Every structure is written in structure tokens, then in C-alpha cells.
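Notes to accompany the following structure.
The values are calculated or read from the model by the stated rules, or taken from the named source; none is laboratory data. Keep in mind it's a predicted model, so treat the numbers as computed, not measured. Positions of Cβ are generated from backbone atoms using ideal geometry, with glycine treated the same way; all protein chains shown enter the neighbour counts. The protein model used for the area step is the full one, side chains on, heavy atoms only, and it has no ligands, DNA or RNA in it. Shrake-Rupley method; radii C 1.70, N 1.55, O 1.52, S 1.80 Å.
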Amino acid sequence: MAASPSPPSRWPPPMLQPMGLISLLLLLGFLAAPGPLRAAGVLRQVVVGGDGNDGGTFFEPFNVTYDHRAVILGGQRRMLVSAGLHYPRATPEMWPSLIKKCKEGGADVIETYIFWNGHEPAKGQYYFQGRFDIVKFAKLVAAEGLFLFLRIGPYACAEWNFGGFPVWLRDIPGIEFRTDNEPYKAEMQTFVTKIVNIMKEEKLYSWQGGPIILQQIENEYGNIQSHYGQAGKRYMLWAAEMALALDTGVPWVMCRQTDAPEQILDTCNAFYCDGFKPNSYNKPTIWTEDWDGWYADWGESLPHRPAQDSAFAIARFYQRGGSLQNYYMYFGGTNFERTAGGPRQITSYDYDAPIDEYGILRQPKWGHLKDLHAAIKLCEPALTAVDGSPQYVKLGPNQEAHVYSSGKVHANGSISGNGQICSAFLANIDEHKYVSVWIFGKSYSLPPWSVSILPDCENVAFNTATVGTQTSIFTVESGSPSYSSMPRSLSLIGGPYLSSTWWTSKEPIGKWGQGSFAAQGILEHLNVTKDISDYLSYTTSVNISDEDVAFWNSKGVLPSVTIDQIRDVARVFVNGKLAGSKVGHWVSLSQPVQLVQGFNELTLLSEIVGIQNYGAFLEKDGAGFRGQVKLTGLSNGDIDLTNSLWTYQIGLKGEFLRIYSPENQGYAKWSSMQNDDTQTPFTWFKTIFDAPEGNDPVAIGLGSMGKGQAWVNGHLIGRYWSIVAPESGCPSSCNYAGAYSDSKCRSNCGMATQSWYHIPREWLQASGNLLVLFEETGGDPSQISLEVHYTKTICSKISETYYPPLSSWSRAANGRASMNTVAPELQLQCDEGHVISKITFASYGTPSGGCQNFAVGNCHASTTLDLVTEACVGKNKCSISVTNDVFGDPCRKVVKDLAVEAECSPTLASKELRDDM
């Protein structure tokens, strides 16, 4: 490790005060949920500025080291929770709110990749502005008192275009990516050094008072290293040595690198990492990517990972010796512009993350995991106090306990009053059975596939399978999960359609002039376009004799254009008219065509939908067409067109003229849309629209369109494609129990993979917004709708036997956790800027059903609705004690539940704020 300054001074954290039983309508519980608990010796934050723009120290400078148990910050072992949040997948205006929500959810660390192709779009020309202002992002992270895990790579994968590599890298003579290749290593070292130097200059490393505590060099190289033989091994060692030589003063990580050198931390990426162990006893156990969801490709259904299973995986990780876990993703965001990776990954990168694509909390996932983090923080002193292995207790064939304590614990007796720091995790890995286990002189009931966390080795603070957090209910639409346990919302504001007035402009097929050139043979797509556009057209002439026409007429057949391999989309035009298309990843094309006697103009349009982002030999993958191009079915046999003279045209004329920008509207011949324009392929559409009222995130519904790209006020919001997922593969319900894979719990079968697209509020003005679409296949823009995205309905159901709120726990000066016995609480919260406007259901007793389907049971306290209305309506959040002391006892000797369903509405203040913009 590089030399660092002395550890900073430390202070004891303020202790959370025990809560007494809230008397009657202090049930009204205007109590904020507890902040994340910290271990004794929290680093002192001394923020200067705080808006992400000012310089200065954010923390008193501190060392970052590690041992076999944990990452050590300022001399203290820590159990860390990290939230994946990629800065370019949101706008700078969204960053502060997103970072704050990560912190509120219990994160200590923000993790992000560095995206090389965003920062060096042309060789030697760097860009660190807008969504790529990593310095501003890092300072905003620090201003919230969070640490930063910087995954420099510079290969990212990340379902990002070309895995983060700039396309110009392919053109360097003799280059081979990610192997012992001097041209590649020189460019990689230059960029990594550039990033490290910027971080040092901005004083963003921990020893400078900044937030950076970890960095990553390379990314999942162990997955492909064998493809490169010994050159791969040499390259990996070179990358490690190069990184260490940069003298950053904080540890470097290599994920999924089982042969990482001793000075580099090897880490785990997977759905479960509780069984992972690093390749050296001297290294802590780190989970770099906890896949709490998954990405989607065009034409696929949507993946979902239940909150209970995520919580189970995480609890097991810390139970079995883990020390740092990073959510991939905590906020997924949006692949704006053409940043979506390939092939064929969708514009949304929602990832079923705890914070959805629009920045809204996904409940119950966000809240359930927040409670998990709070429970883990209560255990932190015990977890870090055990230097070796925890005490292991076998509780049954599929049940076990791990006990972390400052001294020996007798598992068969109570530890009350012995003064030890003690925390325990009780696991039931049976997928089907509830099991009662006996430990610490008590019986504990464990649901299937669950972990109970006992911060004091006596009382259960949290169980991974028992969800006490609210569920947020939204209007279900194409492109969102349909299970009742994981709904989302797009609630309509205003009229049903965006606009009734549209203008069109035709895009010429094939060559249109600027940048076109002729060449012999079929050229590789990316070698020609350099990825400045998705589109490349190949045009040639074919002379057809009258004998050929007579031959086809006599046989009743048509000739065909054949291509050995295409990716991702190929379209065939004859004399300016679309003959047909093919979609696939290196698949063959055979398209019948209608030719006329004499010369015919044949245009082949190649379209990429994201460049390959994963695998070995990325520089060789390419795009477009491979093999031979032929015209088959002629009277005298096939014609090989492969080596013909082709005219190449890069991109679209409308792209070149930037007719999507407000200032360039005069560069296109726009005409009022007629009825027959709606289904015409290769057409530009535009309209003017007003933004929805309020401050909620905005989504545009493009399900009536085919395939293309959309711009709002000159900003490319991304590709759209209304390709439909298969009808099969989506279960009617989703059971959290059992090992997860991305094929489990899918939804949206038989619907378009994505129909709704995020328009950031900051890209809109109150009125006069310009929407421009380039449509390839034909669609109906008059059916496009604009909607705001917010939590419309919230609901929860809590038993009087549920655990007390995590805020009822406190920690003594010696780190021992203790619980103040209070009643369980039902907590409800609307989005920021919204209040609970109506209680649509409330019952204390034996209510049945679930959200949007509650019903009053035989036992019901008649005052419930009035009490809950008084407690909650008009407030952003409320908590209600679930106890007879509040509602009375409507039925003695019966376990009672409180079920509440409420509606959220924007506050008047948020509406007025929007009106003033």
C-alpha cells in the first residue's frame, strides 16, 4: 500500500435514543425513519461547500487499509453497504436527490464505473462536462458524507455501448484489447493515469479528505483470461502493477479475478456471494456486484428479483463473513443517446433496482433493504470484533446460526446481563418449510429461505422473508412488471395524447450526398461509421435482362438478395422501396425482391443497436454484414455482388442536418402530416407540446411507433423499438424462495419490452417543447402520450406481533445493541413533493386480501379509518402504532393486523413551484 497520512481524529456517534410507547395519537408517528447506524469512531465529516462545485476538504484525511476481516477506514474495521449509481445514466440535476436516497436507504458508499468512451470520445480529446462530470458527481457524494468506490477499469461492460471502449481504439494499428499488447496497454495506461491524476488534483482521495476509498482496475477479466493464454496472465499482472504504481493511497480491486496478485483485492460478482472467499487470508470478503435485478434486451420479457431473496442473499453474505456488499444496481437509470450496449439492449436500465429509472423509490424493495441495512449496522460492533470465524451452531438439516461475540457464548442459554457484544444470524435455507429452532434458551420461527438477524443475540430485529415495508402501487403498463408485489406507475396528467398536430419530413433512401463515397466490396460497418450513427447504407446497381424477367414470370417466383450474416438489423430497398428486413445477431438473410428490366438500384441498410459490450476479442466483433452478398434465382444462375462497386452513405441526412434541434428546423422540408403518412417508413415526425404540470418525472409512451430514435429539445432520449416479448415464460405469481436466476419471475410477456421512455424534467420547458422522431418502419404518432411518473397508491399490512421498528434499537458505548420494547409500526410515505390525500381502506382486526384488494374481516375496529385519516392525511409520511392502545381491542385473544391503503397526490406547493418556472 502507498504511504498515507496519520489516521484522522474520530468522534463518537450520537446514539439513537430509545423510543417509549407512543401514546395514542403520537401514533400519528411523524417520526422520520432512523438514519443508518454507524459504528463507534465514525470519520468526522468537515464539508466545505457541498454543492459539488466547490473545492475543499470533505472529511478529515483518513487512511484506507484492510485486513482479512474488513476494509479499515481511519483505523477502524467497517461493515459497508455500497449503492451502484452510474453518473451518466442520470442527469446532473438528478444526482443530489439520487445520492440522498442512497444514503437514506442505508448506503455508506456510492459505486460507479468510469466510462472511457464518454470521457475520451476522440483520441486525446477529453470531456468531463454534463452527465460526464465525474468530479462534480464525486463531490456531491462526499457532500452527503458518503464514500466513493471508483471502478476505473477502463473496460466497464455495464451493458454500455462497446463496454465503455471508445470506437477509435479499434483503429490503432496492431491493437488487441485486454491482452499483452503494447498499443492497447499504452492507451489504457494513459487513460487510467488521466483519471487518477484528476482525482488527485481535485483532492478526492481519502488521504486528501475526499470520498474515494476503493478503486477497480480491469473488470471481470477472469471470465475471459483463458482465451488469451499466457498473454492474458501477463496482461493481468501488468494491469495490477500499473495501477499500484500510480500511488493512489487506497486499495485496488479486481473483480472475478481468482489469481489476482497479493496486493490486489479479488472480489465476487454474482446473485449470491455468501460462499465466496478471496484468494488470500489477508484479504477481506467483498461483493462487488450484487445483482439485485437484471437488464433486458429488445424482444424479451422483463426480469424481477424479489426483495425477500435479495435480502436473504445479503444477510447470508454478512452472516458468513462478508464485509462490503455493492448493489448492482441501486439506481439503474437510463441509457440516454446511443449508450445502450449490445447487441439489442433496451434504452431503460431500470434493472428492477431499489430506486427506479425515474428516481422513484421502488417499494417494498427499497424499504425492506433499508431495514436490512439498519439491522446489519446494529450488528457492526460484533461483526468487526470477531477476528477469526464466528461461532457456528447447527440448528437443523437446513438451518444454522452464526454468532459474533466479544466472548464465548453458550448457545443453549440466555446471554442477557452478561455484558457481551453479541449478534447472531439464524438461517433457514429450506425452500419450502417453516422451521422452529432453539437457541439462546428461546424458540425462533424461521420462514423458508430466510435469515433472522438478532443484534443482541436475543431479539429478532429483522427477517429477510418478512416484509414490513409499504408496497407502492402504480398503474401497470407495458414495460413494467405486472406482479402485485412489484408494481410501478405512470399516472396520466392532462389529455390522453401528446398532440393532434404533427409535421413530417421524408428521409432519402441510400446515398444523399454529404460524406458518401464509393468502394469495391463490402466494408465492415464500424470501420466506416466510427459509430457516429447507427446507420450505414450500401448502394449498388443491378442490370436485369428481359430474359430474367420472363424466367421469373414463367416460374411464378421472385429472385432473392442473400447475405451470409447480418447484425443487428438489415433492410433491403429496391428502387427506393422497402422490400423487407431481418433482425438478429449474425444470422443469414434471404429477401425476395421485385426487380424490373434494366438498371435497378439496390440499397442495403445496416443498423446497429448497440455495440457488443461483453466477451473476448471485442475489437474483432464488428457489425454490419459478413460473408457473401448475392442475388439468387436468375435465369443464368446467381450473381455475386460481394465485390461490386458500392456507394456508402454514413448516417441519415436528418442526422447530418441536425433537424432534431430547435435551431435547425429550417433545414428540413416539413409538411403537415396526412393520414397516409402515419405508416410510412423512414419518416421524420415532429410536434410541439407543453410539459405536464408539477415536478414529477416525465415519461413518453411510444408504443404506437415502430423503431427509431426520439429527441426532445435537441436531447436524444434514446432508441425506441416496439418489439414484443414472447407470450410464454411469465409465471402468474413469483415465489421468492429458492435460488434466483434471471429467467425466474419474469413479466411483460406478450407485450412490448419497452413502451415508456424517460424525459428528464430539466430537458423540458413549461411550453413550446420540440419532439422529433425518426421512424424506420411506420407508426402512428397521434397515439403518443405523455405522462408523469409517481407513486399513486401506497399500502401496508402489519401484525401486532411484528417486530418493533428498527428505531427502537439503540447501542451502548461499548457497542452492545439493545431494544426498547415498543409496539410494531405501520409506516406510509409518498414521494417527495406529495402528500397522503385520502385513506381508501383502513382496518384493525382481521382484514383479508392484499394491496388494492383489502377487505374487512369478522373482527374490525370501527374507529380505524378516522384514526388513520387524522394521523396521515395531508402529510408526506406517517407511522401508526399497531396496538390495542390505539384502536381498542375489537376481538380479544385474536391476533390482529392493521391494513391501510392510501392515495398520494402532489402538494399545492410543488404545483406552484412548477408554475413559477
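Looking at the range 145-156, which of the residues that are open to solvent by less than 10 Å² (accessible area, probe 1.4 Å) and hydrophobic (A, V, I, L, M, F, W, C) is farthest from Arg344 (Cα to Cα)?
Leu146
Among residues belonging to the range 222-252 that are surrounded by 22 or more Cβ atoms within 10 Å (Cβ to Cβ) and among the hydroxyl-bearing types (Ser, Thr, Tyr), point out the one that is nearest to the chain's Cα centre (by Cα).
Thr248
Picking from Leu37, Leu25, which residue would you name as being crowded, with 23+ Cβ neighbours inside 10 Å and modelled with pLDDT under 50?
Leu37
Please specify each residue of the range 758-782 satisfying the condition of being open to solvent by 30 Å² or more (accessible area, probe 1.4 Å), at pLDDT below 95 and either within 21 Å of Asp534 (Cβ to Cβ) or of a type outside the set (Gly, Ala, Ser) (or both).
Across the range 758-782, the qualifying residues are Thr777, Asp780.
Keeping to the range 832-884, report how many residues are at pLDDT 95 or above and acidic (Asp, Glu).
Qualifying residue count, the range 832-884: 2.
Please find, within the range 253-288, the residue that is surrounded by the fewest Cβ atoms within 10 Å (Cβ to Cβ) out of those that are farther than 22 Å from Ile429 by Cα and of a type in the set (Asp, Glu).
Of everything passing the filter in the range 253-288, Glu262 is surrounded by the fewest Cβ atoms within 10 Å (Cβ to Cβ).
Among the listed residues Ile650, Ile639, identify the single one that is touching a helix residue (DSSP H, G or I) at 6+ places or on another chain (Cβ under 6 Å) and not basic (Lys, Arg).
Criteria check complete, one pass: Ile650.
Residues that are open to solvent by 10 Å² or more (accessible area, probe 1.4 Å), among the β-branched types (Val, Ile, Thr) and closer than 29 Å to Tyr327 by Cα: does the range 124-142 have at least one?
The answer is yes, given that some residue of the range 124-142 is open to solvent by 10 Å² or more (accessible area, probe 1.4 Å), among the β-branched types (Val, Ile, Thr) and closer than 29 Å to Tyr327 by Cα.
I'd like the residue in the range 157-212 that is within 26 Å of the chain's Cα centre (by Cα) and among the aliphatic types (A, V, I, L, M) and, out of all such residues, is most open to solvent (accessible area, probe 1.4 Å).
The qualifying residue most open to solvent (accessible area, probe 1.4 Å) is Val167.
One residue is enough: does the range 688-699 have a residue meeting the conditions free of Cβ contacts under 8 Å to residues at least 40 places away in the same chain, among the charged types (D, E, K, R) and open to solvent by 10 Å² or more (accessible area, probe 1.4 Å)?
The answer is no, given that none of the residues of the range 688-699 is free of Cβ contacts under 8 Å to residues at least 40 places away in the same chain, among the charged types (D, E, K, R) and open to solvent by 10 Å² or more (accessible area, probe 1.4 Å).
Can you work out which of the residues in the range 501-533 that are surrounded by 13 or more Cβ atoms within 10 Å (Cβ to Cβ) and among the β-branched types (Val, Ile, Thr) is nearest to Arg626 (Cα to Cα)?
For the range 501-533, the residue satisfying everything is Ile522.
Does the range 651-703 hold any residues that are hydrophobic (A, V, I, L, M, F, W, C) and more than 30 Å from Val835 (Cβ to Cβ), and which are they? Write out each step before concluding.
Of the range 651-703, the ones hydrophobic (A, V, I, L, M, F, W, C) are 652, 656-657, 659, 668, 670, 673, 682, 684-685, 688-689, 691, 698-700, 702.
Listed by number, the residues that qualify are Leu652, Phe656, Leu657, Ile659, Ala668, Trp670, Met673, Phe682, Trp684, Phe685, Ile688, Leu702.
Could you list all residues from the range 649-668 that are surrounded by 19 or more Cβ atoms within 10 Å (Cβ to Cβ) and in contact with a Leu (Cβ under 8 Å, 6 or more places away or on another chain)?
Across the range 649-668, the qualifying residues are Gln649, Ile650, Tyr660, Ala668.
State whether the residues of the range 444-451 include one that is closer than 19 Å to Arg816 by Cβ and crowded, with 20+ Cβ neighbours inside 10 Å.
no
Taking into account only those residues within the range 382-397 that are open to solvent by 50 Å² or more (accessible area, probe 1.4 Å) and free of Cβ contacts under 8 Å to residues at least 40 places away in the same chain, which is nearest to Trp438 (Cα to Cα)?
Only one residue fits best here, namely Lys394.
Condition check ((1) over 21 Å from Met199 (Cβ atoms); (2) outside any strand (DSSP E or B)) across all residues:
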{"site": "Phe62", "(1), (2)": "no, yes"}
{"site": "Thr65", "(1), (2)": "no, no"}
{"site": "His68", "(1), (2)": "yes, yes"}
{"site": "Arg77", "(1), (2)": "yes, no"}
{"site": "Lys100", "(1), (2)": "yes, yes"}
{"site": "Phe128", "(1), (2)": "no, yes"}
{"site": "Arg131", "(1), (2)": "no, yes"}
{"site": "Val135", "(1), (2)": "no, yes"}
{"site": "Trp168", "(1), (2)": "yes, yes"}
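Here is a yes/no grid of residues against (1) modelled with pLDDT of 95 or more; (2) charged (D, E, K, R); (3) open to solvent by less than 30 Å² (accessible area, probe 1.4 Å); (4) within 19 Å of Gly145 (Cβ to Cβ):
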position: Arg69; (1), (2), (3), (4): yes, yes, yes, no
position: Ile72; (1), (2), (3), (4): yes, no, yes, yes
position: Leu80; (1), (2), (3), (4): yes, no, yes, yes
position: Leu85; (1), (2), (3), (4): yes, no, yes, yes
position: Pro88; (1), (2), (3), (4): yes, no, yes, no
position: Thr91; (1), (2), (3), (4): yes, no, yes, no
position: Asp108; (1), (2), (3), (4): yes, yes, yes, yes
position: Phe115; (1), (2), (3), (4): yes, no, yes, no
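Please return the ranges of strands (runs of 3 or more DSSP E) entirely within the range 534-621 where 2 or more residues are closer than 30 Å to Tyr155 by Cβ, open to solvent by 10 Å² or more (accessible area, probe 1.4 Å) and among the polar types (S, T, N, Q).
Those strands (runs of 3 or more DSSP E) do not exist here; none qualify.
Looking at Ser671 and the list (1) in contact with a His (Cβ under 7 Å, 6 or more places away or on another chain); (2) among the hydroxyl-bearing types (Ser, Thr, Tyr); (3) open to solvent by 10 Å² or more (accessible area, probe 1.4 Å), which single condition is not satisfied?
(1)
Looking at (1) part of a strand (DSSP E or B); (2) open to solvent by 20 Å² or more (accessible area, probe 1.4 Å), can you tell me which one Met329 breaks?
Condition not satisfied by Met329: (2).
Filter the helices (runs of 4 or more DSSP H) completely within the range 803-917 down to those with at least 3 residues that are open to solvent by 20 Å² or more (accessible area, probe 1.4 Å).
864-872, 908-915
Hey, Phe312 hits all of (1) touching a strand residue (DSSP E or B) at 6+ places or on another chain (Cβ under 8 Å); (2) buried (at least 24 other Cβ atoms within 10 Å of the Cβ); (3) closer than 27 Å to Thr91 by Cβ but one; which does it fall short on?
Condition not satisfied by Phe312: (3).
Would you tally the residues in the range 724-757 being among the hydrophobic types (A, V, I, L, M, F, W, C) and open to solvent by 40 Å² or more (accessible area, probe 1.4 Å)?
4
Right, Gln709: open to solvent by less than 10 Å² (accessible area, probe 1.4 Å) and in contact (Cβ under 8 Å) with a residue 40 or more places away in the chain or not?
Considered against the rule, which asks whether it is open to solvent by less than 10 Å² (accessible area, probe 1.4 Å) and in contact (Cβ under 8 Å) with a residue 40 or more places away in the chain, Gln709 comes out as yes.
Kindly indicate whether any position in the range 355-364 is among the acidic types (Asp, Glu) and either over 12 Å from the mean Cα position of the chain (by Cα) or open to solvent by 10 Å² or more (accessible area, probe 1.4 Å) (or both).
No - not one qualifying residue is present in the range 355-364.
For the range 156-166, does any single residue satisfy the condition of being part of a helix (DSSP H, G or I) and either in contact with a Leu (Cβ under 8 Å, 6 or more places away or on another chain) or charged (D, E, K, R) (or both)? It would help to see each step written out before you state the result.
Residues of the range 156-166 part of a helix (DSSP H, G or I): 161-164.
Remaining after also requiring either in contact with a Leu (Cβ under 8 Å, 6 or more places away or on another chain) or charged (D, E, K, R) (or both): 162-163.
Among the residues of the range 156-166, at least one is part of a helix (DSSP H, G or I) and either in contact with a Leu (Cβ under 8 Å, 6 or more places away or on another chain) or charged (D, E, K, R) (or both), which makes the answer yes.
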